[in-house]
Amino acid sequence: MQVNKITFTKFMKKYGYWIGLALSIAVLITVITLTAVGRATVPDDDFEPVDTPTISFANPLTEVTTLKTFSNTALQYNSTLNVWQSHKAVDFAAEEGTEVYAVMDGTITEVTYNYLMGNIVKLDVGGGITVVYASLANDVPVKAGDTVTKGSVIGQVSDTAKSEANDGPHLHLEVLLDNELVDPNLYLDLSEK
Ligand SMILES: [Zn+2]
């Protein structure tokens, strides 16, 4: 026994450092592996799914001719105001008086007028989505509280939006998703008609 103890002590004196080092490295590798495995299996709370809406709008006009596209940050020239600005909407050119349709079943939440955007109709279609129609003609045929069905007439195209007067009669269409303006083309399929 005594011999064994001495041999062991000698052995440890000679190789102890290396054994310790090897053990440290082994522990480190184990920790790193476990952390990596943990990361791979535990769902990341910060993960935000790509917005792939299943909601599909009907076209707001029988014929859709895009006049101005949606731009969140990119500036577009507004010849009426002589400024470069973002345009968080899509503009569709159409003749004065062209019928404008509800893109989905929903409830009219607001019918208002303001000088810059003209006559405005807001349509809540559920799912946190509100569709805003602007530059509509006077005598809007719907009022707040009305429920409308997809394809029903909610107004007519005009040039009442004074901030876009140089663009002529057109529909200025906005889509609010949880109160943030998003590209209406996320929900529109303009190739359909
Ligand atoms: Zn516009």
Q: Please state which of the following conditions LEU173 fails to meet, knowing it meets all the rest: (1) more than 14 Å from VAL90 (Cα to Cα); (2) in contact with a Phe, Trp or Tyr (Cβ under 8 Å, 6 or more places away or on another chain).
A: (1)
Q.
I need the full set of residues from the stretch 40-71 which are more than 16 Å from the ligand (Cβ to nearest atom) and at pLDDT 85 or above, in order please.
A. ILE55, SER56, PHE57, ALA58, ASN59, THR62, GLU63
Q: Return the pairs, sorted by first residue and then second, in which the second residue is away from the ligand (no atom under 16 Å from the Cβ) and assigned to a strand (DSSP E or B), the first residue lies in the stretch 165-193 and is at positive phi, the beta carbons are less than 9 Å apart, and the residues are 6+ apart or on different chains.
A: ASP178/ILE129; ASN179/THR130
(Q) All but one of (1) of a type in the set (A, V, I, L, M); (2) within 33 Å of the chain's Cα centre (by Cα); (3) open to solvent by 60 Å² or more (accessible area, probe 1.4 Å); (4) at pLDDT below 90 hold for VAL31; state the number of the condition that does not hold. (A) (2)
Q | Candidate set: the stretch 158-178, residues that are in contact with a Leu (Cβ under 7 Å, 6 or more places away or on another chain), assigned to a strand (DSSP E or B) and within 12 Å of the ligand (Cβ to nearest atom); chosen: the one nearest to GLU96 (Cα to Cα) | A | HIS170
**Q.** Failed condition for ALA74, given (1) away from the ligand (no atom under 12 Å from the Cβ); (2) within 18 Å of the chain's Cα centre (by Cα); (3) modelled with pLDDT of 95 or more
**A.** (3)
(Q) Please count how many residues of the stretch 132-157 are part of a strand (DSSP E or B) and closer than 20 Å to MET117 by Cα. (A) 10
Q) Residues of the stretch 85-136 being within 12 Å of the ligand (Cβ to nearest atom) and either open to solvent by 30 Å² or more (accessible area, probe 1.4 Å) or of a type in the set (Gly, Ala, Ser) (or both), which ones? A) GLN85, SER86, LYS88, ALA89, ALA93, LEU116, MET117, GLY118, ALA134, SER135
Q: Would you check if there is a residue in the stretch 141-153 being hydrophobic (A, V, I, L, M, F, W, C), within 16 Å of the ligand (Cβ to nearest atom) and assigned by TED's automatic domain parsing to the domain that holds LEU81?
A: no
Q. Which residues, taken from the stretch 139-160, are open to solvent by less than 40 Å² (accessible area, probe 1.4 Å), of a type in the set (S, T, N, Q) and more than 13 Å from ALA94 (Cβ to Cβ)?
A. SER152, THR160
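The values are calculated or read from the model by the stated rules, or taken from the named source; none is laboratory data. Please read all numbers here as calculations on a predicted model, not as lab measurements. Quick reminder, even Gly has a Cβ in these numbers, built from the backbone with ideal geometry, and neighbours come from all protein chains shown. Protein only, heavy atoms only, side chains kept; ligands, DNA and RNA dropped before computing areas. Shrake-Rupley method; radii C 1.70, N 1.55, O 1.52, S 1.80 Å.
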